[in-house]
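Take a look at the structure set out below.
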Amino acid sequence: MKVVEEFRYLVLAIQREGNRLLAAELRPLGITPSQAEVLRVLRDHGPMTLNALGGLLVCETGNSPSRLVDRLVAQGLVKRDIDKVDRRYLTLRLTPEGRALHRRIVTAENRLHRTLHDNLAGHALDETISTLRSLADAFPTGAALARRRDPALAHQEN
């Protein structure tokens, strides 16, 4: 196996395992990792338009932002409002129920993050993150993460 091929499969394996662990943490809350990401982005960066939300998501392909939001609206976790600046757009925001669930999502994510941190103890994490950012920045999902890290970029639409 080529080194770069092994790298790709290692990243895929870690992503799948992380998603499996997060799904298990979120299952009692009745929410998927992709739905949790939408709630997290809206809490951290919202209110915002659907297009702006889509520009900050990195959830798996096949989960369109509009379908995710439709499900969350149906569950009473997200509300669509007419945009105050431009009435042609809808603005998405968390409902009180969505904010309460967000707090529980953060608790579940923190449990996962502690597990990951414990498994990474003693490794050069800063260097690894720098390497992964360099690679990810070449792709749309890397740009979405960059916008989430930098508040000045967060409201830029893709």
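Footprinting exposure proxy ranking of 64, 34, fewest other C-beta atoms within 10 angstrom first, gives 64, 34.
A full extension of the chain between residue 117 and residue 135 corresponds to an added length of 4.3 nm, given 0.36 nm per residue minus the alpha carbon distance. When only C-alpha pairs under 8 Å and at least 6 residues apart count, what is the relative contact order of the range 25-149, in percent? Reported relative contact order: 29 percent. Working note: Karplus 6.51/-1.76/1.60 with θ = phi - 60° gives the range 10-27 the couplings 5, 4, 4, 5, 5, 4, 5, 5, x, 5, 4, 5, 5, 4, 5, 5, 8, 3 Hz, where Gly and Pro are set to x.
Here the Karplus curve 6.51 cos²θ - 1.76 cosθ + 1.60, taken at θ = phi - 60°, turns the phi angles of the range 137-146 into couplings of 4, 7, 10, x, 5, x, 5, 4, 5, 4 Hz, with x standing for Gly and Pro. Fully extending the segment from residue 80 to residue 63, taken as 0.36 nm per residue of separation minus the present Cα-Cα distance, adds 4.2 nm. Altogether, the Stokes-Einstein calculation at 20 °C and 1.002 mPa s, with the Kirkwood radius of the range 6-66 over Cα pairs as Rh, returns a diffusion coefficient of 168 µm²/s. Across all directions, the shadow cast by the convex hull of the range 1-138 built on its C-alpha atoms averages 10.2 square nanometres. In this structure, the amide hydrogen of residue 78, modeled 1.01 Å from its nitrogen in the peptide plane, lies closer than 5 angstrom to those of 73, 95, counting only residues at least 5 positions away or on a different chain. With distances taken between every two different alpha-carbon atoms, the range 68-142 has a Kirkwood hydrodynamic radius of 15.8 Å. Summary of packing: across the peptides 4-17, 132-145, the per-residue average of other C-beta atoms within 10 Å ranks them, highest first, as 132-145, 4-17.
Each reported figure results from applying straightforward, stated rules to the coordinates on display, with no laboratory input. Note that this is a predicted model, so its numbers are computed, not measured. A quick note on method: Cβ atoms are made from the backbone with ideal geometry, for glycine too, and the neighbour counts reach across all protein chains shown.
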